[in-house]
Structure formats: C-alpha cells, structure tokens
Amino acid sequence: MKSPVLILIVLLALPAICPLPAAPLTHELSRDLTYVRATALPADLPGQMDLRACVLDLRYATGDEAAAVALAGWLKFHASARTPVFILANAATAAALLDVLPPRALPAGTLTLGLPGPGFTPDIAIKTDADTERRAYDAFAPVNPSAALVDENDGKIRYDEAAMVRELAAGATPADHEPAPEINPAAPAAPAPLIDRTLQRAVHVHRGLATLKLLRG
C-alpha cells in the first residue's frame, strides 16, 4: 500500500508536471454580451453554464480536425436567435477551424466577421490591414478597457452654447471666459487611436440587433 505522504507529494507535483491549460481570456463587453478569446481549441471553448450572446475570437487560434469538430458542435448547441455568436477570424486562424466557417452552412444565430484572406470569406468583411489588426488584438487585455479598442473618440471639444447663454444671463461677459488656446499648425498631429475594427463591428451589430429587438427572449 502506498504511503499517504507519497501520494500527497505526487498530487502536489502534478501541476508542475502536467500544467493545467490557461483559462481563455474573457471580458464583459456589455450586460448581455461576452467576449471570449479562444487561442487553442477545443480547450478554450466556453462552457455552457451561462448561455448568452458572445463574441468568439478565433483570430490566430490553433486547432486540428478534432478541434474543428468540437467547434462545430459547440456552435450548433450555443448559437441561436436568443444567443447569437459573432465569430472573429482571419487568414491566420488554423485552417481546420476555417473549414467550419463560411461558405459552409453554420447554425442560425452565427455571424462571421473579419479581414478576408485565403481560406476565409466572412459574412461581414472588415476594412483593415493585417498589421493593425494584430496590434489591436495584442493590445486587448483585461487591464485595458475594451472601450479604448472599440469606441472611437476624436478628441474634439464641443463648445457648449447652452452653458455660455446661462453664464451671460447670470451677468458674465465674454471677457470672463478664458481665451481659446492657440493652435500651432506646426505641432504634430495626435496619433490615431488604436481601434479593433473587427471587434468594434461585432459590438455594433449586437447593439443594432438589441435596439431593433431582434434578440428574442
């Protein structure tokens, strides 16, 4: 009979010998939309405990034929009009996984988005380039607010005319306002914000469906 101490030592050493797969990156994009980044299938496929609309990011994901079968089965079980799945992919997604996507038939409630390329023709083609998409993909992390990669902010300050009228009615004069800052035409333009166009489009489509009440309960 094996010693209990020996068994305990073996159990404690198992994580180092056979490390558990890292959990997929997930993020709540909104109250009813979850982002799931699957980098290695089938291990990264979401569980079935919380069925809801989700963005399944398969860009740069790896997987073999068995993973493709698991993906097809997961989509058939999960995707529906009530819980749509927005699949993000590109030409860098494993070929076996791309074989599951259009032009092959997918379950209702499934929509593919991404940069078109060899072996991948999405339902919604995104106008971007491979380098920008990769940088936006790498920049997304739990510590970075997703809005920075999804929502655009041009930085323009809108002049509040209503506030000006209220101030003038209270006795203020134009001289009381601080002068507008001078614009230096030689100053370098601010860099364009890094926007994940593919993820952004998925979020916008989901918002549109929700606004039109097309997400059936």
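Based only on other Cβ atoms within 10 Å, what is the fewest-to-most ordering of ILE87, ILE124, ILE195? Don't skip to the answer; put the middle values down first.
On the way: ILE87 28, ILE124 14, ILE195 17.
With the fewest neighbours first, ILE87, ILE124, ILE195 line up as ILE124, ILE195, ILE87.
Within 10 Å, count the other beta carbons around each residue, average over each peptide in 88-96, 112-120, and list them highest first.
Details: 88-96: 21.2, 112-120: 18.9.
Answer by packing, highest mean first, reads 88-96, 112-120.
Counting other beta carbons within 10 Å of each Cβ, put HIS78, HIS204, HIS27 in order, fewest first.
Lowest count first: HIS204, HIS27, HIS78.
Shape call for the stretch 32-89 from the C-alpha gyration tensor, a ≥ b ≥ c root eigenvalues: rounded (a/c under 1.5), prolate (a/b greater than b/c) or oblate?
On the way: a/c = 1.92, a/b = 1.46, b/c = 1.31.
Since a/c reaches 1.5 and a/b is larger than b/c, the shape of the stretch 32-89 is classed as prolate.
Taking 7 Å along the Cα-to-C-beta vector as the label spot, tell me the ALA108-ALA139 distance in nanometres, rounded to one decimal.
Simple spin-label model gives 3.9 nm for this pair.
Quick query: amide H of THR110 versus all other amide H atoms, modeled in the peptide plane; which residues come in under 5 Å with a sequence gap of 5 or more or a different chain?
Long-range HN contacts for THR110: VAL85.
PRE reach from ASP32 (point 7 Å along Cα→Cβ): which of the stretch 71-90 fall under 19 Å by backbone N?
Those under the cut-off are 78-87.
Taking the number of other C-beta atoms within 10 Å as the exposure measure, put ASP138, ASP123 in order starting with the fewest. Can you show the working numbers first?
Values: ASP138 10, ASP123 15.
Ascending number of Cβ neighbours within 10 Å: ASP138, ASP123.
FYI, it's all coordinate maths here, none of it is from the lab. On a predicted model such as this, the values are computed, not experimentally measured, just so you know. Ideal geometry is used to build each Cβ from the backbone, glycine not excepted, and the neighbour counts take in all protein chains shown.
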